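Inspection log for the structure reproduced underneath, given as structure tokens.
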Amino acid sequence: GAGVSQSPSNKVTEKGKDVELRCDPISGHTALYWYRQSLGQGLEFLIYFQGNSAPDKSGLPSDRFSAERTGGSVSTLTIQRTQQEDSAVYLCASSLKGGGPHEQYFGPGTRLTVT
Amino acid sequence: AQSVTQPDIHITVSEGASLELRCNYSYGATPYLFWYVQSPGQGLQLLLKYFSGDTLVQGIKGFEAEFKRSQSSFNLRKPSVHWSDAAEYFCAVGLSGGSYIPTFGRGTSLIVHP
């Protein structure tokens, strides 16, 4: 079946512009996660959705970052007024359920470059 | 808060040699433990996981890992490495209770020489 998809695969933007990153989770997966992977770093947790609600958004680095999920499916991560330090690979993952040690399925990521 | 340490940034092995990737965690209770692999340009794929029970866990692609509570470790092993195993490997630790969102280590890059 279809896995987690993300778009775009690559995004180059100028400093100060807003960007939107999209994640399509596996159908039926109620939990969705966003991570950021910087060069040489591990995965940095950003936000977790259970359905359309975000019970944990503790990883969002600043108020320039926001995310939403609609219809219990697609999620969009928005970065406003991008900065060069926002350059990273943004990974999305979904799991059948949240609130438990369920396997996460990852998308291929969106590579964001801020010039 | 839990933390995960992968002490080796890079590991180089010859094809056919055995492999051990180290992972140590810091948490008082027994956590949930995962190993993921990330091939270039790909998302992460789960290799294996430990929740409870037998401390030696078998995964996909011939990998195994052993949970050692006394050492707070969950090292990944493979008896004979193939060139296709070259990738980035991440250990992750999940906290029981709450949202179970795992904390990931910084990763170990595996280089395989022919």
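Read the figures in this text as sums done on the coordinates, not as results from a lab. Note that the structure is predicted; figures quoted are calculated from it, not measured. For neighbour counting, all protein chains shown are included, and Cβ atoms are generated from backbone atoms with ideal geometry for every residue, glycine included.
Calculate the length of the line joining the C-alpha centroid of the stretch B:28-78 to that of the stretch A:39-53, in whole Å. Cα centroid of the stretch B:28-78 versus Cα centroid of the stretch A:39-53: 20 Å apart.
Among the GluC sites (Glu not before Pro) in the stretch A:1-89, which ones are in a DSSP loop with at most 10 other Cβ atoms within 10 Å of the Cβ? Mind listing them? Qualifying residues, ordered by number: A:Glu14.
The overall shape of the stretch A:13-52 is oblate: from the C-alpha gyration tensor, with semi-axes ordered a ≥ b ≥ c, the ratio a/c is 1.5 or greater and a/b is no larger than b/c. Can you list the lysines whose alpha carbon is less than 19 Å from that of A:Lys97, not counting same-chain residues fewer than 8 positions off? Once the sequence-local lysines are set aside, what remains near A:Lys97 is A:Lys57, B:Lys49. Each Lys and Arg adds +1 at its Cβ and each Asp and Glu adds -1 at its Cβ; summed about the Cα centre, chain A shows a dipole of about 100 debye. Anisotropy class assigned to the stretch B:30-107 is oblate, per the alpha carbon gyration tensor with a/c at or over the 1.5 cut-off and a/b no larger than b/c.
Each of B:Tyr25, A:Tyr35 has some number of other Cβ atoms within 10 Å of its Cβ, and from fewest to most they run B:Tyr25, A:Tyr35.
Projecting the Cα positions of B:Ala92, A:Gly99, B:Ser52 onto the charge dipole of the protein assembly as shown (unit charges on Cβ atoms of Lys, Arg, Asp and Glu, taken about the Cα centre) puts A:Gly99 furthest along the positive direction. Ordering A:Ala88, A:Ser58, A:Thr115 by Cα displacement along the dipole of chain A toward the positive end leaves A:Thr115 in first place; charges were set at the Cβ atoms of Lys, Arg (+1) and Asp, Glu (-1). Going by a ≥ b ≥ c, the root eigenvalues of the Cα gyration tensor, does the stretch A:19-92 fall in the rounded group (a/c under 1.5), the prolate group (a/b larger than b/c) or the oblate group? Taking the square roots of the gyration eigenvalues as a ≥ b ≥ c, the stretch A:19-92 is prolate. Placing +1 on the Cβ of every Lys and Arg and -1 on the Cβ of every Asp and Glu, with nothing else charged, gives chain B a dipole about its Cα centre of roughly 220 debye. 3J(HN,Hα) along the stretch B:60-69: 7, 6, x, 8, 9, 9, 10, 8, 10, 4 Hz, from the Karplus curve 6.51 cos²θ - 1.76 cosθ + 1.60 with θ = phi - 60°, whole Hz, x for Gly and Pro.
Taking the charge dipole of the protein assembly as shown about its Cα centre, with +1 at Lys and Arg Cβ atoms and -1 at Asp and Glu Cβ atoms, the residue from A:Leu32, B:Val37, B:Leu21 reaching farthest to the positive side is A:Leu32.
Note on the protein assembly as shown: with charges restricted to the Cβ of Lys and Arg (+1) and Asp and Glu (-1), its dipole about the Cα centre is near 160 debye.
What percent do you get for the relative contact order of chain A when only Cα pairs under 8 Å and 6+ apart count? Kindly include the intermediate steps, with their values, before the conclusion.
Numbers: 290 pairs, mean separation 42.6, N = 115.
With pairs under 8 Å counted, the relative contact order is 37 percent.
Taking other C-beta atoms within 10 Å as the exposure proxy, A:Ile79, B:Ile9, B:Ile101 rank B:Ile9, B:Ile101, A:Ile79 from fewest upward.
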